Structures are given as C-alpha cells and as structure tokens.
Amino acid sequence: MPVNLLDFDAEGLTAWFAQQGEKPFRARQVLRWVHHFGESDFNAMTDIAKSLREKLIATATVSPPPTISDKLSDDGTRKFLFDVGNRNAVETVFIPEDDRGTLCISSQAGCALECAFCSTGRQGFNRNLSTSEIIGQLWQANRALGRDPASGNCGERIISNVVLMGMGEPLANFDNLLPALRLMLDDNAYGLSRRRVTVSTSGIVPAMARLAAACPVALAVSLHAPTDGLRDKLVPINRKYPLAELMAACQRYLVHAPRDFITFEYVMLDGVNDSDADAHALLHLVRDVPCKFNLIPFNPFPASGFHRSPAERVRRFASILINGGIVTTTRKTRGEDIDAACGQLAGKVQDKSKRTLRAAGVVRATGTATASADTSAGVELHL
Ligand code: SAH
Ligand code: SF4
C-alpha cells in the first residue's frame, strides 16, 4: 500500500523521509510542492532529484478524497461533496465575502453527539476522518478555486480563513485533526495565521485543554442555551461537561488563544432558547469569559421539529446582549438554495450508531438491533 503524503504534517513527513534515508530539507521541498503548489504528480516536482521522484512514485501518493459534486449557490457560496469511501461522503463549503474567503470543512462522517437541531447529528455517525481527508478538503478546494489574479503577481489564495464548522465534532477527532491544523498554519503549506483558523466545538472540555497546549487556534463554542436544564436537551454532551465546567475551560483556553475572546455560537430556535430572559441569563453565565456572540438563525431541514426565531426576536435578543456589553453579530445565512447553510450539511453517511434505526423505532435505545434492521442501516439525505 503506498503511503498517502496528505496524512503527514511537516514533522510526520520529515520522520517518514528519514526512514527512507532522505534529508529533512527534502521533506520540506515536497511538503511545499504538495500543499503550497497543490501538486500531486511527483514527476512535476522539478527541483527534486530524479532518483527521489522515482522512489516517491513507487512508495507514495498524494490522494485527497475525490470530488463527487461541486455546486454553486446564487450568492456565490460553493458546496463540495467529497467521497470518503464505503458509501460515505462529506461536505465542504466555501463562503466568499468582501474581505475574506472562508472554507468550512468537515471533521467526521456524521457526528455522534446528537444535538437536537442539527442535521448532521440526526443522521448518525460512521467514523472519524483521517488527516488526509481533513486537509484534503482544503487541498481540493484550493485547486478548484485557484488564486485571486486581481491581487498581483501569481495572486493570493482565495481561501483566507478556515473554520471547522462542517460535519462532525472536530475535538472528538483530535489526533487526526492536529496534523491538519498544523499544515494549515505551516508556511510551507497554507500559511494561515492562527487567528484565521477556527475550531468550533460543542464543548468537549478535556480536548479544549489539549488544543490549547498543542495548537492554539481561534475557538468557537456552540453554546445554544443559558442553563444546564435546556442545554442538556439541545446539546446532550452538556450532561458530561456542564456549563460551569465549560465556562472554566473557556477561561483557561484564553490564556493560550490567538484571540483574546471566545466566540459563542447560539442557534436561535423559536420559542425554545430565544426569550429576553434567556438573553439576560446568558449575560450572567458568561460574565467572567471575554467573548463575542454569533447568533445563528436556525436553518431548517426535513422533520427537524424546530423553527427559526422571527427576525425581530433575533434583533431584540442581540440588543440585550449588546446592551450588556457583549459584541454580538447575527450570521447571514448563506447557500440555503444548495443546502449549504450551517447545520444543513448531511453528506452521505452509513450510520453505525444505530441512531437512525432508533429514531425509526426499529431498535430500542439500548442499541440491540435485529439482524434484518442491521443490514438496512444507513441514511441518505440531501442527495
Ligand atoms: N460540531 C461542531 C462544529 C460543527 S457544527 C459544533 O457543534 O460546534 C457548526 C455550527 O452549526 C455549530 O454551532 C452548530 O451548533 C450549528 N448548527 C447545527 N445545526 C444547525 C442548524 N440547523 N441551524 C443553524 N446552525 C446549526
Ligand atoms: Fe455534532 Fe456539532 Fe451537529 Fe452537535 S451541532 S450534532 S456536535 S456537528
């Protein structure tokens, strides 16, 4: 089996090169070809000795997940669907704005955390993505989008920011995420600043500390409720890491963070978490955490059971937070016409969690499936 070089960050590639009897600077050269120039053909790496190129052709590949589809929304948002094997596919979304281009990437095929209002969570979980599947989304999108010719010379990269806000919980896939994050920051690869790479988490407290120690990038925390009672229902991981622990973890993260605030994401669910009292309770909850709020109008999907808060309610909720001294923005919904908005990413996941069977009443919550039900596992949404 050839080794996929997209699975290595600089350190990993250097170690692999050493095993092949090759010098560290060769690893750096190849890293630059692969990520900086987006090259997958070893023969095109012209400043690499022919003998090494031949060795690489025999032992290695540069294999991102293949593109299944690439759709453009009316508002310029672009959604890619990538094949990650065994009938699983994940989604990646590019969101162009005046002053930046943000790529939203996935970290898992499905998600095991079952947040009540999330389409990815509803469809079950298959597996963690490998490092090559995570960084491969950026590699592929960079190739598809190219560089901006307006910015002179050979142009600047169109993708200026990366957010881990696609399918999956990035901090539940820490070991594969870390080399991908390091590549995003590496000057020989994508050269993004730590402030322009954002990990979004539903609040896996111990992994937040690991991230702070290993690779502190900007952090967004999906809050969605001001009290444990409500958050237990909306974001079930809260039962394991309740709000007091989460707030303390946010404070500790800020000691290392590249930005001096945490971004709290808050999906606005009509009549569920959007009252004036909820906003006041939030002000109390985050009183010791330097933060900004990003309110996300709920993006509906079939049979979600939730509704989007009316625009006036969102404005009023935001004004309470702002009057309480917190910078608050409301996320513009993008890419709705191609199901590319937050929480609508469903890709295609063969559910191994039996959740979809449970929801259909085929298995009991204890998870024992009948043989016939087991073979029918798997959901296909939005395809
Ligand atoms: N698992 C991570 C990152 C992926 S979700 C996390 O939960 O943070 C990215 C953001 O989209 C999260 O804030 C998530 O709560 C939000 N989201 C999920 N479903 C949504 C929906 N239907 N409408 C709007 N936002 C949603
Ligand atoms: Fe998973 Fe995030 Fe969706 Fe929750 S909101 S189910 S953590 S992807």
Qualifying residue in region 250-265 (condition: touching a residue at least 24 places away in the same chain (Cβ under 8 Å), part of a helix (DSSP H, G or I) and buried (at least 21 other Cβ atoms within 10 Å of the Cβ)): yes
Residue within region 297-309 that is outside any strand (DSSP E or B) and either away from ligand 1 (no atom under 16 Å from the Cβ) or among the basic types (Lys, Arg) (or both) present: no
Qualifying residue in region 74-85 (condition: within 15 Å of ligand 1 (Cβ to nearest atom) and either part of a loop (DSSP other than H, G, I, E, B) or more than 30 Å from Glu156 (Cβ to Cβ) (or both)): yes
Looking only at region 49-61, and only at residues there that are within 34 Å of the chain's Cα centre (by Cα) and open to solvent by less than 70 Å² (accessible area, probe 1.4 Å), the one that is farthest from Leu5 (Cα to Cα): Arg53
Check on Ala340, without any contact (Cβ under 8 Å) to a residue 24 or more places away in the chain and under 29 Å from Glu91 (Cβ atoms): no
Failed criterion for Ala209 (all others in (1) over 25 Å from Ile322 (Cα atoms); (2) within 15 Å of ligand 2 (Cβ to nearest atom); (3) open to solvent by 10 Å² or more (accessible area, probe 1.4 Å) hold): (2)
Odd one out for Phe306, checked against (1) surrounded by 15 or more Cβ atoms within 10 Å (Cβ to Cβ); (2) more than 15 Å from ligand 2 (Cβ to nearest atom): (2)
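The values are calculated or read from the model by the stated rules, or taken from the named source; none is laboratory data. Please read these numbers as outputs of a predicted model, since none were measured by experiment. Every residue, glycine as well, gets a Cβ built from its backbone with ideal geometry; the counts of neighbours run over all protein chains shown. SASA here: full protein model, heavy atoms, side chains in, ligands and nucleic acids out. Shrake-Rupley method; radii C 1.70, N 1.55, O 1.52, S 1.80 Å.
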